[in-house]
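Notes follow once the structure below has been shown.
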Amino acid sequence: MRIAIIGAGAAGCFCAAQLRKWRPEWAVTVFEAGPKPLAKVAITGGGRCNLTNDFQGIRSLAEAYPRGERVMKRALKAFSQEDTIAWFQARGVPCVLQADHCWFPRSQDAMDIVHALLNAMKGVDLRLKSPVVSVEGPEVCSASANNIADATSEQTSVPVKDLAETTAGKGPKVCSASAKNIADATAGKGPKVCSASAKNIADATAEHTSGPWHVNGEAFDAVVITTGGAARGLPFLEGLGLEMVPPVPSLFTFTVPDPGLRSLMGLVVEAVIGLQGTAFKAEGPLLITDWGLSGPAALKLSSYAARHLAESGYKGNLSINWLNANENEVRALLQKSALDNPQKLVSSTHLLQARLWSHLLDKAGLRKDIRWAELGSKGLNRLTATLTSDSYPLSGKSRFREEFVTAGGVALSNIDLNTLECKRHPGLFFAGEVLDIDAITGGFNLQAAWSTGYVVARAITATLSARV
Ligand SMILES: Cc1cc2nc3c(=O)[nH]c(=O)nc-3n(C[C@H](O)[C@H](O)[C@H](O)COP(=O)(O)OP(=O)(O)OC[C@H]3O[C@@H](n4cnc5c(N)ncnc54)[C@H](O)[C@@H]3O)c2cc1C
């Protein structure tokens, strides 16, 4: 059996390593456009590689995977975060769990992960500087009654009676289908599509699935696409008529043109940040930077609202709940402070870090020399509102130390969620970020690459073994 994997990233290499383990006698070829395999893995986690997460800090899978949660539920059952750690430890990479639920190699060196994968891939035909430019499917035979009518009006079609010959492998390649498929087929990119009666469809389908795929003109029994974030689309698959979800960036920080906020640069606050006018919000450490807002809470919000923010041109208003508490709780806290310290200056009773507290009193329009007893209900309400729904304009996005993933890619509607095989094109599989799956930071993205790579290797092993 010959398997082509397109892309030597985390998902492609993991899939190749599993195929080697289960079927060492099969020929696995990995095509990589770049000069090095696993180039991105080598720089993950700032060169330390946050290879997975213990999943204990999230309440639901959807919290970690804003897109692709349903696939990940199944994929994690097949290959979980515990399996990831066991896999790498068994290959000589001891791992450590940090307090923030992130797993790293004990050496804090991403190259250990790279070397473990490359060792496990020994025997794989890894072709570097080999960009794939064409993927062609085997002959596909299926059509509706309408297509049969279309077929008879097409030059390339033959009467239905001749299909018996075709399905027996003797007849001509019969090509006629929907207008779209004809365009694809004539563009030379798509699979060859023929029409048939309902009875013949079954025969024809049975026949076409045994035909080879062609990658850059070379024949393979199955093809795995693991080309990563599909920001530039998948030009070599255009003829296959796959539904794509337009790619947009995820995991970025926010540019906030507010000098008062920026003057607090360096502060980290446990807060809730949201996008006003939407239900998008995220909690966690929020870092104030010299350009605006960053830290886990900001990155999470960028992930949850990735598509909405792209559509709005990264403009809008951010709201911050600085105490991560609701209005009633905050009002009660302030009332207690007023009762306990009536003569104390509000500015000297720090409910938050001193610099931030002072900034928020300014925003609430409160004098620095005001005492708790003088606050009154108006002052109390203004301070409560500032602490729970402070607002800042958002003027753009910035990248998080070059670390970002792509939301979007191959639509999951194209894919059998159990095997990650393309529903329309048997023998064609997808794994990793090329799919419309992406996660917040914390090792969840690499876990998606390992788990989906594993699912594909398992599905190919099962399908092709049945043919041997
Ligand atoms: C700087 C940075 C740091 C990150 N840190 C972390 C982290 O610590 N933890 C975490 O979980 N996630 C992290 N991520 C995200 C994570 O790296 C990705 O989600 C993951 O690498 C995706 O794996 P993949 O195999 O799907 O794609 P990739 O790793 O992107 O691999 C795709 C490969 O396909 C190749 N390719 C593309 N087109 C073709 C073609 N036509 N022919 C041949 N080859 C092709 C590319 O050259 C590439 O090598 C980080 C991302 C970045 C950018």
Ordering 330-340, 16-26 by per-residue average of other C-beta atoms within 10 angstrom, highest first, gives 16-26, 330-340
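Work out the FRET efficiency for Q89 and I43 from their Cβ-Cβ distance, taking R0 = 25 Å, and round it to the nearest 0.05.
Efficiency, rounded to the nearest 0.05: 0.65.
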Scoring only Lys, Arg, Asp and Glu (+1, +1, -1, -1) among other residues with Cβ under 13 Å from the Cβ of L286 yields -1
Surrounding charge for I3, neighbours by C-beta under 14 angstrom, Lys/Arg +1, Asp/Glu -1, total +2
With x for Gly and Pro, the residue-by-residue ³J(HN,Hα) of the range 309-323, computed from phi through the Karplus equation 6.51 cos²θ - 1.76 cosθ + 1.60 at θ = phi - 60° and given in whole Hz, is 5, 4, 5, 8, x, 6, 10, x, 10, 9, 10, 10, 9, 6, 10
GluC sites (Glu not before Pro) in the range 311-350 lying in a DSSP loop, each with at most 14 other Cβ atoms within 10 Å of its Cβ, come to none
Cβ-Cβ cut-off under 10 Å around A17, Lys and Arg +1, Asp and Glu -1: the net charge is +4
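We did not get these values from a lab; they are worked out from the coordinates using the rules stated. From a predicted model like this one, the values you see are computed outputs, not experimental measurements. Because the Cβ atoms are built from the backbone with ideal geometry, glycine has one as well, and the counts that use them run over all protein chains shown.
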